[in-house]
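Have a look at the structure below before the remarks.
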Amino acid sequence: MLVFTFSLAALLLYLTLRGLDWEAFWNAIRFGHYEFLFLTIPITCINYFIRALRWSCLVSSERKIPLISIFWANMVGYMGNAYLPARAGELIRSAYLGRQQGLGTSFVLATALVERSLDVVALVLIGSVSLLFQPDISPLLANALRLMAFAGTVGLLIIIAAPFQEKLIKSVIAKFPLPDKISLLVAKQLTLFLIGIRSLHNSRRLGFFTLLTAVIWLVDAFANTVGVRIISQTLTISQALILLSALGLSSAIPSTPGYIGVYQFVAVAVLTPFGFSRANALAYILISQVLNYLLVSIWGLIGLWRINKSRPSPVVNGLIKE
């Protein structure tokens, strides 16, 4: 898998850089209007807070958890995703919050997996609907998009209804010719996943989660419409949503830390039909990635510092061990 991951990243990076106008690329980087960062940075940081608020809808279904603890766990997890392979940050943020709040890592990880799964469904729906607002779309593509939107809606309904069919799902899995250890592992992970989904069976919580999901992606899209002005380009909200959908869905592809190769290829493929040159598309996604690395690193390191600061000192014979 490691060989495949790096080979795929190298291939996509080669396809992205082949025939690139390097002079135009470096000019876009050098002469960028970086004053727009004073807008994009606060918007992005606010969105990090909204994401923590959304996760709290799931995590706080058992008992009330301080939002600030969820925020720091999220940022430590995002930093882990940025520097480690296989989205290891999801496990890191779950382990941190589960142990700190006494919820257990398994339950918190289940809510994190549900959050990510629903994000995938949301991205399919958002990308499909946003493409319909693009001019000169072919009837064939329009029909395909309607099919994708329908599939996304069905997927969402299945995820919500799955806990009511736990016995049926487990019986189906049991019929597969799997080794006992793997079968038990699958059954255990399924149970945890369904526990996470059950946290959305409260209609008020589900409505709030759905609203926050829409807000998160709209705010992200707005940040991108501002960010592309760094390289003197423009994007509409629907175009920015298409870009975010493509980048988000591409994160499911096995890739190197930071999605090197994958994000560059996807950004160039999506942005060039919107009037971007390949050089400008590549310049923008690199600026965006560097900014994201800086922000998640700063917030993530602060989160790690707060974890160490709040960790109780061990007591030996009534004395605090330094």
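Worth a mention:
- When residues of region 9-36 are limited to those that are open to solvent by 60 Å² or more (accessible area, probe 1.4 Å) and in contact with a Ser or Thr (Cβ under 8 Å, 6 or more places away or on another chain), the one nearest to ALA112 (Cα to Cα): HIS33
- From the list LEU91, LEU39, the lone residue that is of a type outside the set (Asp, Glu), open to solvent by 40 Å² or more (accessible area, probe 1.4 Å), under 23 Å from ALA223 (Cα atoms) and in a helix (DSSP H, G or I) is LEU39.
- Taking the numbered list (1) part of a loop (DSSP other than H, G, I, E, B); (2) in contact with a helix residue (DSSP H, G or I) (Cβ under 9 Å, 6 or more places away or on another chain); (3) modelled with pLDDT of 80 or more in turn, PRO177 passes all entries but (2).
- For region 106-165, the tally of residues that are modelled with pLDDT of 80 or more and among the hydroxyl-bearing types (Ser, Thr, Tyr) stands at 4.
- Scan of region 62-87 for residues that are closer than 30 Å to VAL262 by Cβ, of a type outside the set (Phe, Trp, Tyr) and at pLDDT 90 or above, ordered by number: ILE70, ALA73, ASN74, MET75, VAL76, GLY77, MET79, GLY80
- Scanning region 196-213 for residues that are open to solvent by less than 60 Å² (accessible area, probe 1.4 Å), of a type in the set (A, V, I, L, M, F, W, C) and either in contact with a Phe, Trp or Tyr (Cβ under 7 Å, 6 or more places away or on another chain) or free of Cβ contacts under 8 Å to residues at least 12 places away in the same chain (or both) yields a single hit, LEU200.
- Where GLN264 falls short, out of the listed (1) without any contact (Cβ under 8 Å) to a residue 60 or more places away in the chain; (2) among the polar types (S, T, N, Q); (3) part of a helix (DSSP H, G or I): (1)
The values are calculated or read from the model by the stated rules, or taken from the named source; none is laboratory data. The shown structure was predicted, so the numbers you read here are calculated from the model rather than taken from an experiment. Cβ atoms come from the backbone with ideal geometry, glycine included; neighbour counts cover every protein chain shown. Only protein heavy atoms, including side chains, enter the accessible area calculation; ligands, DNA and RNA are left aside. Shrake-Rupley method; radii C 1.70, N 1.55, O 1.52, S 1.80 Å.
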